[in-house]
Each structure stands twice: as C-alpha cells, then as structure tokens.
1. For the range 252-435, what's the relative contact order in percent, using C-alpha pairs closer than 8 Å and at least 6 residues apart?
2. Could you work out the mean projected area of the convex hull around the alpha carbons of the range 22-117, in square nanometres to one decimal?
3. Order by neighbour count: 338, 289, 81, 308, fewest other Cβ atoms within 10 Å first, most last.
4. Where does each of 89, 272, 359 land when they are ranked from fewest to most other beta-carbon atoms within 10 angstrom?
5. When the convex hull of the Cα atoms of the range 392-436 is projected onto a plane and the area is averaged over all directions, what value comes out in nm²?
6. Round to the nearest 0.05 the FRET efficiency obtained for residue 239 and residue 191 when R0 = 56 Å and r is the Cβ-Cβ distance.
7. Exposure proxy check: 397, 409, 231, 424 ranked by fewest other beta carbons within 10 Å?
8. Given 0.36 nm per residue, what is the gain on full extension from residue 57 to residue 25 after removing their alpha carbon distance, in nm?
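Since every read-out is calculated from the coordinates, none of them should be taken as a lab result. Computed from a predicted structure; not experimentally measured. When we count neighbours, we look across all protein chains shown, and the Cβ atoms used for this are built from the backbone with ideal geometry, even at glycine.
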C-alpha cells in the first residue's frame with residue numbers, strides 16, 4: 001500500500017486565484033421583465049393609465065440594480081482547490097475541496113458551479129449565496145481513479161441575483177494536480193540472495209585498522225561537507241581530499257519496463273491493455289519494495305525515461321507511463337550498458353509482437369543476477385486477440401525466453417490471473433532457467 005507523504009498531503013494551487021472579468025447579461029427572466037415593462041409603459045401612455053405606466057417603469061428599472069449587484073459581487077469571488085491526498089493509488093479515491101471566498105461587503109446570489117474533473121464529464125452543482133467577507137468549502141470525492149496525472153479545474157461559475165434577473169458567467173484560472181500512481185502489491189520480506197545483497201560495486205567500503213583517520217579517502221567534490229576534509233591526505237597528494245567513511249552496502253538494482261505498444265495487443269472493445277497495466281504495477285511493486293529496503297534502485301522505461309532511488313519519483317514516472325510507439329528495446333539495452341554485470345536486474349517484458357528482445361539477450365549477465373518477468377499478453381484479454389494464432393505466440397515466447405536464458409537470465413512466465421506476490425519467491429532465485 002502507498003506510504004503517506006506528509007510533505008504532499010495536500011495538493012493546492014494558488015489559494016487566491018485571479019479570475020477573468022465576468023460576462024454579465026440579463027437572464028431569460030430579466031429579458032422578460034424588460035419586454036413586459038416596455039409594453040406596459042407604451043400601453044399606459046397610449047391608454048392614459050398611470051398605474052400601468054408605473055408598473056412598466058418598475059419592470060424596466062429592476063434589472064439595472066440586479067446587473068450592478070451581480071457584477072460587483074461576482075467580480076471579487078476567489079476560487080481555490082485542494083486535493084487530499086495529492087498522490088493516490090489506482091483504484092483508490094481522493095477528495096477535492098473547492099474553496100469559494102467572497103472578500104466583498106455584499107453577499108452573492110446563488111452560484112452554479114461547473115467543475116472540470118477526471119473522467120471527461122464535468123461535474124455540475126449549485127451553491128447558495130456566500131455572505132460578504134465569508135468563505136465556503138465544498139468537498140466532493142473522486143473514486144475508482146485510473147493511473148495518470150490529472151488536473152482538477154478550471155472552474156466555470158454562473159452567479160445570479162436573488163430574483164434571477166441577471167447572470168454573470170466567468171471561468172477561474174485556479175487548478176490543482178492529482179497524481180494517480182500504479183497499484184502496488186505487498187511483497188514478502190524475503191532474504192535477498194547473497195550475490196544481490198553484496199551488490200556489484202568494486203569500490204572498497206572497509207575501515208582501516210587505524211581508525212577514522214585511515215578511512216578510505218577520495219577527491220573533494222562540489223557540495224561535500226568541508227568538515228570531512230582529510231588534511232593529511234590533502235597535504236600528501238596536493239589535491240583536496242575528503243573522508244569516505246564506512247557505511248552499510250545496500251547494493252544496486254535496475255528495474256526495466258518494456259513499454260512497446262505492439263507488445264501489449266488489445267481487442268477493439270478494450271480501453272486499456274490489462275497486460276500493460278499488470279506490467280506497470282509489477283514494476284512499481286518491485287521498485288518500491290526494494291527502495292524501501294534500502295537498495296539503490298534505477299527504473300528505466302521502454303521510452304528511455306528513468307528515475308533514480310527516490311521512491312516517489314519512480315512511482316510518479318510510472319503514473320504517466322504510456323505504451324511507446326517503437327518496436328525495439330534499445331533504451332533498455334542502453335541502460336544495461338552502464339550497469340555492472342554483477343548488479344541485479346529485474347525486467348518486466350513482453351514478446352507478443354514480431355519484434356524481439358534479442359538486444360537485451362546480447363548483454364550477458366552473471367548467472368543469477370538477472371530475472372525477467374516475461375508476459376504472455378494474449379492470456380490477459382477477456383477473449384482471444386485474433387491477430388496471430390496462439391501457437392505462433394507460444395513459439396515466439398519460447399524463442400525469447402531461451403535467448404535470455406542462454407545469456408544468464410532467469411525467466412518467469414506470467415499469464416493472466418497470476419499475482420506478483422505468488423511469483424516473488426521465484427524471482428529471488430539465483431539460478432538460470434525458465435519457469436513456466
């Protein structure tokens with residue numbers, strides 16, 4: 001489950017927004033008043049009926065103060081948004097608070113609100129008048145959210161006077177952001193294989209027998225704490241040196257996510273690929289689980305975008321990850337080029353298209369240091385995708401799995417209905433091979 005982020009519990013845009021000048025017009029009732037007033041006035045003059053003239057003048061004059069009152073009251077209305085939590089999990093819910101403030105002395109009439117919300121269809125509701133120098137908060141829920149980044153607002157407001165003779169339409173500029181991160185599965189806290197716990201770094205992280213003065217040193221880098229300058233080494237080498245004190249070694253893991261659009265076929269009646277969402281959720285669960293255990297994690301998507309170490313930045317990246325219009329796994333293979341062969345790798349891949357994952361297989365890994373979750377995406381669809389016979393897909397899957405196995409990868413098959421927690425023990429095995 002998501003870890004609460006106290007620093008981002010509330011996503012709030014400009015608290016006091018500057019709204020555009022309202023467009024004030026007569027309502028249908030106001031125009032009727034004017035028309036009836038004009039007719040009554042003319043008829044009263046022709047017939048010589050004074051009372052009829054008075055009624056006509058009254059009907060003609062009434063809309064004027066209504067227009068002025070609505071314009072004055074609406075022109076000062078301030079609108080703000082807040083979203084709690086600022087980051088939600090797919091399928092969860094969030095609460096939006098619309099804050100309406102009236103800094104003027106006079107109150108407003110009834111307000112009709114049209115709010116832009118996720119889902120395509122705007123939300124419409126009415127609010128009674130806000131008294132002068134008062135503020136009102138209206139809250140509404142957003143539920144069953146899909147993964148993505150959403151903008152709440154802007155807001156269209158229609159104000160009217162108590163008699164409904166005039167209306168003022170305006171649109172606020174205030175918005176708030178909501179990030180819906182992929183759903184994460186809780187993974188068992190199992191002991192990592194020894195090779196993974198030791199990591200893949202060749203740099204020393206031991207302390208000499210002489211104590212802290214003999215700790216390993218390195219050249220000074222911009223931003224280093226000046227209190228850690230090792231003066232003896234600095235005098236000996238002629239370059240500024242700082243102490244690199246002992247700290248626990250946490251190892252490094254790279255998580256790769258295949259995002260090729262052709263790897264996740266959909267039927268015509270599907271809005272999104274179930275296989276792709278499973279893959280994104282798996283990458284989020286693995287990355288988050290390892291980062292929370294103190295490992296240094298690098299997440300790379302098939303479009304070449306990457307996030308390092310910080311759990312929230314990785315989840316935010318996955319929140320907006322979409323299938324990429326490319327047929328190769330070049331960005332994933334390039335990421336492996338900059339990684340030590342003995343660092344651990346998790347790859348969430350698919351082989352449903354005619355492209356191959358041969359580029360990854362050309363980057364051999366030390367046996368047991370890399371594992372691939374290899375999806376069989378045609379098994380995720382509610383009914384068969386008729387593009388390619390399943391026998392051809394099976395053969396293609398086996399070819400890709402064998403290529404990875406030969407290069408030192410462990411391959412775990414994933415089908416529709418499989419759950420990551422049940423596959424997790426197999427992923428932590430250090431032996432090569434194919435698990436179907």
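1. Reported as a whole number, the value is 24 percent.
2. Over every viewing direction, the Cα hull of the range 22-117 projects on average to 8.7 nm².
3. Working: 338 9, 289 20, 81 26, 308 12.
The most exposed by this proxy come first: 338, 308, 289, 81.
4. The most exposed by this proxy come first: 272, 359, 89.
5. Dividing the Cα hull surface by four gives the mean projection, 3.3 nm².
6. 0.85
7. Ascending number of Cβ neighbours within 10 Å: 231, 424, 397, 409.
8. Extra length from residue 57 to residue 25 when fully extended: 9.6 nm.
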